[in-house]
Amino acid sequence: MQRHVTLRLFRRGPAAEVTLTLLVLLAIVLLFTDATWTKTNPVRQAIATTLYPFQRAVLFPRDMLKMANEWVNAAALIKSENEALQRQRITLAQVSTNAALLSAENTQLRRLLGVLETAVDRPTVVVEVLYEPVNAFTRRIVFNKGSRAGIAQGMPVIDESGVVGQITRVTPMSSEAAMLTDEIVSIPVQVLRNGLRLIAFGSSAPGKVEVRYFSSDADIREGDQLVTSGVGGVFPAGLAVGRVDHVERNPASGFARAEAQPASHPERHRHFLVLQVPTGDGLTSLPSAATISSTGLAGATDKTK
Amino acid sequence: MPMAHDVGPESVETTSGVGYVWATMLLVWVLSLLPWRVWHAAPELLLLVITFWSLHDSRRVGMLVAFLFGLTLDVHDVGPLGLQALMFVLTVYGAQAMQRRVLRFDLLQQSIHLLPVFVGAKLVTVLIGSFLVSAWPGWSWLFSALLTTACWPLVSWLLLLPQHRLDDAEGGST
């Protein structure tokens, strides 16, 4: 018995410590590369492509149950949806006639002032949530359409109430988006009341958006509506971002910080719209994780939970 | 009649077929793709099964297999590539380092031996993860590691069931 054990000891592969060191080094290299550059994307894409059939297979029962539930409750569902849509249609009809008037007035004023015409309507892609990944550190959603449907990294994602987030990664069949409350996303915003231009970041506090880097005497207060300002060319102007719920002014440093509640409710819906904004010219790509950690350290004034 | 805590690692290792080992791992892996892991304190069932087989069938299931499974979970969870892989590798190394000692005990005592392995590997993962995002994610990971350890006796017993039946059958035939 003892000899048997000794023989097997010799026949074992490389010593456990060697394998451990190699694999730990490999893991650390992957972590570092993944956090700083996008060079690990091919690896991710390869694994995600092989995972995709398993993910669809495993989510198949849930989709079947959903379909069965909808089929059984079809009549009641359609009736309630219909009523909700009718109500929405009436309020929107009012808004759209007003918008048409304002648009005509706007064009005339622009012509009078000699200002250039603004951007045209962008093509969009309707996507559905495939699943929400488990992650203690980030808030992401995975959609069921990818680069094959024309989605690229950096494109904004919206729902009917406002901005939901930004696409961070695409594979041929799926895409991942970071919600606007995730620290990786920063949106140029404008206060609706007075046009003050600011930048909104994802906050470390869960479910909130943080406005940073503005001076202590800026005219922003609780209840202010934040909308996208269109600066930067990624997020089109006028999309609702959130509502400020408190402002922290620090007279000692001269800077202030505001927290806003996002306008969109991505957890309530399954379908979202991805705006196909042209990206990839270097100016409109997402910040890498290296800049996130540095802004996270620099911008953190009071991160106690 | 051989009891669970009398069986040495050598004889246990030879009675599990390759198909059974990989079938259980792949089944739990596919189940891990479902959204029940949204609960932050969810036990790491895939890690449990891989650790079990790394103890009972260390020739076939080792740190490399653990690394690859961890990598697929990283991609599925949209997390930093290599984080879960690191946790799986550290857990399997820790378990295999005390393989001969652990397998001499019964299942409940095994889980006490493995507690520092599970908690330690998870702690390293959480530290690296929070370093990458400059934020502490709370203490729910500790519940997850404790729950994982608590599930060890149950999972081990379930995975050993076919072998108990085999042993019983062999014992009955003689």
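This model, with +1 at the C-beta of Lys and Arg and -1 at the C-beta of Asp and Glu, gives segment B:9-168 a dipole about its Cα centre of some 180 debye. Taking other C-beta atoms within 10 Å as the exposure proxy, B:Trp139, B:Trp152 rank B:Trp139, B:Trp152 from fewest upward. Each principal axis of segment A:123-299 carries a Cα extent, and these read 51, 33, 31 Å when sorted largest first. Seen from all directions on average, segment B:17-168 presents a Cα convex hull projection of 8.6 nm².
Counting only other chain Cβ atoms within 10 Å of each residue's Cβ, the peptide B:54-64 averages 2. Rounded to the nearest 20 debye, the dipole magnitude of the protein assembly as shown is 540 debye, with +1 charges on Lys and Arg beta carbons, -1 on Asp and Glu beta carbons, and the Cα centre as origin.
Shape descriptor for segment A:73-116: Rg over Rh equals 1.41 (Cα atoms; Rh from the Kirkwood inverse mean 1/r). Annotation: amide H of A:Lys208 within the under-5 Å range of A:Ser203, sequence separation 5 or more or interchain, hydrogens built in the peptide plane.
Principal semi-axes of the equivalent ellipsoid, √(5λ) from the alpha carbon gyration tensor of segment B:84-174, are 34, 13, 11 Å from largest down.
Using the number of other C-beta atoms within 10 angstrom as an exposure proxy, rank A:His271, B:His113 with the fewest first. Let's see the in-between values first.
Working: A:His271 11, B:His113 18.
So the residues, fewest neighbours to most, are A:His271, B:His113.
Taking the charge dipole of the protein assembly as shown about its Cα centre, with +1 at Lys and Arg Cβ atoms and -1 at Asp and Glu Cβ atoms, the residue from A:Met155, A:Gly165, A:Val211 reaching farthest to the positive side is A:Met155.
Find the relative contact order for segment A:69-201 and round it to a whole percent, using C-alpha pairs within less than 8 Å whose residues are 6+ positions apart.
Working: 160 pairs, mean separation 17.8, N = 133.
Relative contact order comes out at 13 percent.
Cα convex hull, the protein assembly as shown: 178 Å³ per residue, rounded to a whole number.
In plain terms, the residue of A:Asp63, A:Asp159, A:Asp182 with the fewest other Cβ atoms within 10 Å comes first and the most crowded comes last, giving A:Asp63, A:Asp159, A:Asp182. Here the extension length gained between A:Thr107 and A:Arg89 equals 3.9 nm, from 0.36 nm per residue of separation less the Cα-Cα distance.
Taking only the Cα atoms of segment A:33-88, the ratio Rg/Rh comes out at 1.34, with Rh defined as the Kirkwood radius. Look at the alpha carbon pairs under 8 Å that are at least 6 residues apart: their mean separation over the length of segment B:20-162 gives a relative contact order of 29 percent. Placing a label point 7 Å from the Cα of A:Thr38 along the Cα-to-Cβ line, the residues of segment A:170-190 whose backbone N sits under 12 Å from it are A:170-171.
Counting charges near A:Val134 (Lys, Arg +1; Asp, Glu -1) among other residues having Cβ under 15 Å from its Cβ returns a value of -3.
Ordering B:Phe131, B:His56, B:Phe105 by Cα displacement along the dipole of chain B toward the positive end leaves B:Phe131 in first place; charges were set at the Cβ atoms of Lys, Arg (+1) and Asp, Glu (-1).
Read-outs: derived from the displayed coordinates by stated rules, not from any lab. Because the structure is predicted, anything quoted here is derived from the model rather than measured. Cβ: placed from backbone, ideal geometry, glycine included. Neighbour counts: every protein chain shown.
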